[in-house]
1. Taking the conditions exactly as written (assigned by TED's automatic domain parsing to the domain that holds residue 116 and touching a residue at least 24 places away in the same chain (Cβ under 8 Å)), does residue 171 satisfy them or not?
2. What residue, among those in region 80-108 that are of a type in the set (A, V, I, L, M) and crowded, with 22+ Cβ neighbours inside 10 Å, is nearest to residue 66 (Cα to Cα)?
3. Taking the condition among the aliphatic types (A, V, I, L, M), surrounded by fewer than 21 Cβ atoms within 10 Å (Cβ to Cβ) and either modelled with pLDDT under 95 or over 17 Å from residue 177 (Cβ atoms) (or both), does residue 113 pass?
4. Which of (1) under 19 Å from residue 112 (Cα atoms); (2) over 17 Å from the mean Cα position of the chain (by Cα); (3) hydrophobic (A, V, I, L, M, F, W, C) does residue 37 not meet, given it meets every other one?
5. Which of the residues that make up region 169-192 are within 13 Å of residue 150 (Cβ to Cβ) and surrounded by 17 or more Cβ atoms within 10 Å (Cβ to Cβ)?
6. Taking the residues in region 5-36 that are of a type in the set (A, V, I, L, M, F, W, C) and touching a strand residue (DSSP E or B) at 6+ places or on another chain (Cβ under 9 Å) as candidates, determine which candidate is surrounded by the most Cβ atoms within 10 Å (Cβ to Cβ).
7. How many of the residues in region 82-114 are among the hydrophobic types (A, V, I, L, M, F, W, C) and not in a helix (DSSP H, G or I)?
8. State all residues of region 72-109 that are more than 19 Å from residue 136 (Cα to Cα) and among the aromatic types (Phe, Trp, Tyr); if no residue qualifies, say none.
Amino acid sequence: MKLEYFSMSVDGQTVEQWISKGRFLRQRGQNKKAIEAYEKALKGDPGNIDALNELGLTQIHVGDQMLAIEAFDKAIIANPDDPRAYANKAEAFLTVGDFDNALAAAESGLEKAPESADLWVKKARSLESLLRIDDAIEAYNEALKYDSEEPETWKALALCYDAKMEWGSVARAYRIAASLHLKRGERRDADYCERFAVDAEDSASDEKMA
């Protein structure tokens, strides 16, 4: 039945063509037209998780978080084992400051995909926003077990250590982030991270002298 939906034509284009058009329009910042394209795709395949997730992300971008959450819920129903919709649902809740529901969405996803770095990051961000800093640090470290090459995760971890004034850990996290930015050719970001690492080391020195 899934293949039958997938092959359906809507207004002269296949589901995949509508999804591709939606992506193209999103890249050009034409979000309302992108939403229309994804909705066309979903007429042909109502359970298409790519269309549902990308529709929801576009709706977040235009401020329609509740509609986005509906799209992500449909994606979860269509494929409960795919971690993307849980992570995207958590992101939607984070953008409106509903940190408890963001945490619940991330944890639901982790039950299905415990090795998803993205879901661990969403959980960590939720915990950090709830001022559960120790738990957030633990979650960020879990994320890094599965993807240690993402500098943004290291920087987020550094901020949590900063809140606890653990300056050595702050400096280490920023230095790792700096090296990852350099590997990507992102010199300015690397310089900022290096500067923050030095600031953390200066704070540690000041504490020792006090």
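The values are calculated or read from the model by the stated rules, or taken from the named source; none is laboratory data. All of these numbers come straight from a predicted model, not from anything done at the bench. Quick reminder, even Gly has a Cβ in these numbers, built from the backbone with ideal geometry, and neighbours come from all protein chains shown.
1. On the way: assigned by TED's automatic domain parsing to the domain that holds residue 116: no; touching a residue at least 24 places away in the same chain (Cβ under 8 Å): yes.
Against the criterion (assigned by TED's automatic domain parsing to the domain that holds residue 116 and touching a residue at least 24 places away in the same chain (Cβ under 8 Å)), residue 171 does not qualify.
2. In the first step, residues of region 80-108 are kept if they are of a type in the set (A, V, I, L, M); the result is 85, 87, 90, 92, 94, 96, 102-106.
From what is left, the residues that are crowded, with 22+ Cβ neighbours inside 10 Å are 85, 87, 90, 92, 102-103, 105-106.
Working: 85: 14, 87: 15, 90: 12, 92: 8, 102: 13, 103: 16, 105: 14, 106: 17 Å.
My answer is 92.
3. Details: among the aliphatic types (A, V, I, L, M): yes; surrounded by fewer than 21 Cβ atoms within 10 Å (Cβ to Cβ): yes; either modelled with pLDDT under 95 or over 17 Å from residue 177 (Cβ atoms) (or both): yes.
Considered against the rule, which asks whether it is among the aliphatic types (A, V, I, L, M), surrounded by fewer than 21 Cβ atoms within 10 Å (Cβ to Cβ) and either modelled with pLDDT under 95 or over 17 Å from residue 177 (Cβ atoms) (or both), residue 113 comes out as yes.
4. If we test residue 37 against (1) under 19 Å from residue 112 (Cα atoms); (2) over 17 Å from the mean Cα position of the chain (by Cα); (3) hydrophobic (A, V, I, L, M, F, W, C), just (1) comes out false.
5. Our first condition is that a residue be within 13 Å of residue 150 (Cβ to Cβ); within region 169-192, this holds for 173, 176-177, 179-181, 183-184, 186, 189.
Passing the criteria: 173, 176, 177, 180, 181, 189.
6. Filtering region 5-36 for residues of a type in the set (A, V, I, L, M, F, W, C) gives 6, 8, 10, 15, 18-19, 24-25, 34-35.
Now restrict to residues that are touching a strand residue (DSSP E or B) at 6+ places or on another chain (Cβ under 9 Å): 6, 8, 15, 18.
Values: 6: 14, 8: 12, 15: 22, 18: 25.
Here the residue is 18.
7. 2
8. 72
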